[in-house]
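Let me begin by presenting the structure, written as structure tokens, before commenting on it.
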Amino acid sequence: MALTRWIRRNLVVLAGLGTLAYLLLPNVVVLVFSFNKPNGRFNYAWQRFSTDAWTHPCGVADLCGSLSLSLKIAVWATIGATVLGTMIAFALARYRFRARPAVNSLIFLPMAMPEVVMAASLATLFLNMGVGFGFWTILIAHIMFCLSFVVTAVKARVMSMDPRLEQAAQDLYASPAQTFARVTLPIAAPGIAAGALLSFALSFDDFIITNFNAGSTVTFPMFVWGSAQRGTPVQINVIGTAMFAVAVVCVLVGQLVGARRKRS
């Protein structure tokens, strides 16, 4: 009876922990198999413990090259989508114009439609324009689908801002540029950062849109897909574990910084 009461009292916590464990289980499997040394080409069954993959993460041909290319595309796509998306978000949140409802609908459309539709549409556009597939077509495609996520994140933050803060800055004889730099931008910064981080994550691990518009260029997700058919090297697990660790560290640092700001 006491156990039943305890379960009922902590049911929400137990459900949350169970969901978290379910979400993290694949990452644990990737981490464990990054220390495996398979006998064959496929890293699907545990054989014996080894740190060879960690000591030689670039031991597989073209792996680090595709990884650096994906990081480069993700960084530039994040910069482009964040700059354009922030300007669009401020325009939609602050100004009234005739095409505003249509623009809102068009911004939401890439998030609602299947990726394969956008991928095929962009590939058709590039073919009709005679543009050769490669780095630039991938970058343009990534900026296109990341743009909607940035606009959504920044627009929500801008619309929740108190306009009286900017009015107070103007009453204190601040110029429009000073008001934006010292009041508006710091308040909108969390939304901009959220949109940028989301853009980076989406761009880095995208496969469908990239596959349609890459040509002979190979990014890291495409390398993983190709390797899965020929034989999965352990180094892929190493890269995946390292990326997950970096993401966890970034989240922890953000939480610590936020907690310190609340205390101060």
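Couple of notes before you dig in:
- Estimated FRET transfer efficiency (residue 256, residue 201; beta-carbon r; R0 35 Å; 0.05): 0.95
- Annotation: extensible slack from residue 189 through residue 247 equals 18.9 nm (criterion: 0.36 nm per residue apart, minus Cα-Cα distance).
- Ordering of 191-197, 118-124 by packing [mean C-beta count within 10 Å, highest first]: 191-197, 118-124
- Ligands, DNA and RNA left out, the accessible area of the stretch 131-264 computed with a 1.4 Å probe is 68% carbon and sulfur.
- Taking the chain, the Cys residues with no second Cys beta-carbon under 4.7 angstrom are 146, 250.
- Once the 1.4 Å probe is applied to the protein heavy atoms, the stretch 1-102 comes out at 70 Å² accessible per residue.
- Value in Å of the Kirkwood radius, where the chain supplies the Cα pairs that are averaged: 21.9
- Helix-only arithmetic for the chain: the sum of -39500 (n - 2.57) across DSSP H runs with n ≥ 4, divided by the residue total, places the mean residue ellipticity at 222 nm at -25000 deg cm²/dmol.
- Mean Kyte hydropathy of -0.5 or more with a Cα span along the axis of at least 24 Å, helices from DSSP in the chain: 11-33, 63-94, 135-159, 185-204, 234-263
- Here is the size of the stretch 115-264 from its Cα atoms: Rg then Dmax, 20.8, 67 Å.
- Pairwise FRET efficiency - residue 263 versus residue 15, Cβ, R0 = 41 Å, nearest 0.05: 0.85
- What the Cβ-Cβ distance of residue 94 and residue 64 gives, at R0 = 25 Å and to the nearest 0.05, is a FRET efficiency of 0.05.
- Here residue 72 is the anchor, and the aspartates and glutamates within straight C-alpha reach of less than 18 Å, apart from those fewer than 8 places off in the same chain, are 62, 205, 206.
The values are calculated or read from the model by the stated rules, or taken from the named source; none is laboratory data. All of these numbers come straight from a predicted model, not from anything done at the bench. Here Cβ is always computed from backbone atoms with ideal geometry, including for glycine, and neighbour counts include all displayed protein chains. In case anyone asks, the SASA skips ligands and DNA or RNA and just uses the protein heavy atoms, side chains included. Shrake-Rupley method; radii C 1.70, N 1.55, O 1.52, S 1.80 Å.
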